[in-house]
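Working notes for the structure below.
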Amino acid sequence: MELGPASAPARRAGAATVEVHGELIICHPDARGVVRLDPVSARLWDTLGPDVPLEELAHDVAGALGLGLDVARADILAFARTLDDAGLLESAGTGPEPPGPGVATFGSIAPGSCAAQRFGFGDDEVGLGDDVAVVLDLDPGAVRIASTSAPVIAHVRTRFADHVVAAADPRAFDPGIELVVASIAGPDGGGSLPSRRTHRLLDHAAEVWFATFELGEAVGALDQYILDRVAMAQGGIWLRLPLLVPLATTDGGRPRNRFTPGSVLLHPSLGRGLDRLLPHLRRAGVGSFPSPYTPIDPATKQIARRTAPGRPVDPPRALALVGPATELSVPEVVQWFVPSASVRDRPHLEAIAALATDPGYVGIATTASLRATAAALVACFGDR
């Protein structure tokens, strides 16, 4: 919106806030921005309303802080524009601003693009066609599950038949809905990826959240993703973050995805290189959980419930937030992790604030080699 001294913007209805160490974190379920305010700015936020012109606030700030009016006016306008850019204001007299792009936006994947190559589809149509994809109705929206392996899609159609959208549903042929890909290597993938040994699960941005040498584990991980999306519709606190866990070992000593207590939640910026880190992590007995979604119990600061496909698993004892920035205050950590919330509301803000406060945040250096980064992540588990 156009903002000037005569403007009287109001706080956007439905905005969520949480106070952390004297600073205020603000977001909105339908806005991309997350704003962190110092105590003075937090008081200004509380003052905003359709009957309070920004010029009036400028006079108040100038008098309270001993600033020149021009300086105070410029600061107030910059403050209001920051909130507006984050989608946190409504315009006086006109009702709410038109909805922004929302937290999650998706678009079609062009054949032959870099993303298509990472998915394993190459120059083929990405995720279109009954043999390579199925669209499921998973709250809060439809998801196209695609695979380079037709048997994987047949499995999904059978197991999750109650969620398959009808052929006449417009979402069934909409190339712009969210895409999740099970990229199956070698002969299991129809020979489309003969030189790669690992089966990978990728999100719409072609980022890997799980990789394994075993086809059964890849299919189980895809099932876990769908089950978690179904569970999310029932409510609760969910974070979309890569989850690292210690791996149990078989009698032969090879790490397997049978999960033992203890876990680390990675900031998405670390998750983007997860497929390159996983070989080093697995050799050290650490792996990624099959689903990118983690349910949190804010009272205990533990995973609320977590079962791997076909077998119960004890919940981890504790969680740690880990990222590549080494010098962050607790409010900065909260602001940094808010975009991972499945819903940007107060309960999710409070849960993230609780995790950021205790057990807290661990920053690791990522400028070294993949091996060194993996070693730093393994060290986050302590003695196992």
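The values are calculated or read from the model by the stated rules, or taken from the named source; none is laboratory data. The model shown is predicted, which means the values in this text are computed figures rather than measured ones. Cβ: placed from backbone, ideal geometry, glycine included. Neighbour counts: every protein chain shown.
Quick notes on this one:
- Residue 304 within 26 Å of residue 208 (Cβ to Cβ), at pLDDT below 80 and touching a Gly at 6+ places or on another chain (Cβ under 7 Å): yes
- Summed over the range 152-185, residues that are surrounded by 15 or more Cβ atoms within 10 Å (Cβ to Cβ) and among the polar types (S, T, N, Q) total 1.
- Count of residues meeting criterion [part of a helix (DSSP H, G or I) and surrounded by 15 or more Cβ atoms within 10 Å (Cβ to Cβ)] in the range 81-90: 3
- Scanning the range 59-80 finds one or more residues that are assigned to a helix (DSSP H, G or I), of a type in the set (D, E, K, R) and surrounded by fewer than 17 Cβ atoms within 10 Å (Cβ to Cβ).
- Verdict on residue 244 being modelled with pLDDT under 90, at negative phi and either part of a strand (DSSP E or B) or out of contact with any Pro (no Cβ under 8 Å at 6 or more places or on another chain) (or both): yes
- Among residues of the range 38-89, those that are among the small types (Gly, Ala, Ser) and within 20 Å of residue 15 (Cα to Cα), counted: 7
- Residue count, the range 351-365 (criterion: under 30 Å from residue 140 (Cβ atoms) and surrounded by 17 or more Cβ atoms within 10 Å (Cβ to Cβ)): 7
- Residue ranges of helices (runs of 4 or more DSSP H) in the range 328-384 with at least 1 members more than 16 Å from residue 36 (Cα to Cα): 346-357, 370-379
- Per-region count, the range 218-230, residues among the aliphatic types (A, V, I, L, M), under 14 Å from residue 143 (Cβ atoms) and over 16 Å from the mean Cα position of the chain (by Cα): 3
- Considering the conditions (1) of a type in the set (A, V, I, L, M, F, W, C); (2) under 17 Å from residue 72 (Cβ atoms); (3) surrounded by fewer than 14 Cβ atoms within 10 Å (Cβ to Cβ), residue 13 is excluded by exactly one of them, (2).
- Against the conditions (1) aliphatic (A, V, I, L, M); (2) at pLDDT below 85; (3) in contact with a strand residue (DSSP E or B) (Cβ under 8 Å, 6 or more places away or on another chain), residue 205 satisfies every one except (3).
- Residues of the range 23-35 satisfying the condition of being surrounded by fewer than 19 Cβ atoms within 10 Å (Cβ to Cβ) and either in contact (Cβ under 8 Å) with a residue 60 or more places away in the chain or aromatic (Phe, Trp, Tyr) (or both): 29, 30, 32
- Matching residues, the range 150-164, being over 10 Å from residue 131 (Cβ atoms), of a type outside the set (D, E, K, R) and in contact with a strand residue (DSSP E or B) (Cβ under 8 Å, 6 or more places away or on another chain): 152, 156, 160, 163, 164
- Restricting attention to the range 366-384, the residues being at pLDDT 80 or above and surrounded by 11 or more Cβ atoms within 10 Å (Cβ to Cβ) number 11.
- Residues considered: 19, 90. Of these, the only one that is of a type outside the set (Gly, Ala, Ser) and either closer than 30 Å to residue 171 by Cα or modelled with pLDDT of 95 or more (or both) is 19.
- Count of the range 310-334 residues which are closer than 24 Å to residue 374 by Cα, at pLDDT below 75 and in contact with a strand residue (DSSP E or B) (Cβ under 6 Å, 6 or more places away or on another chain): 2
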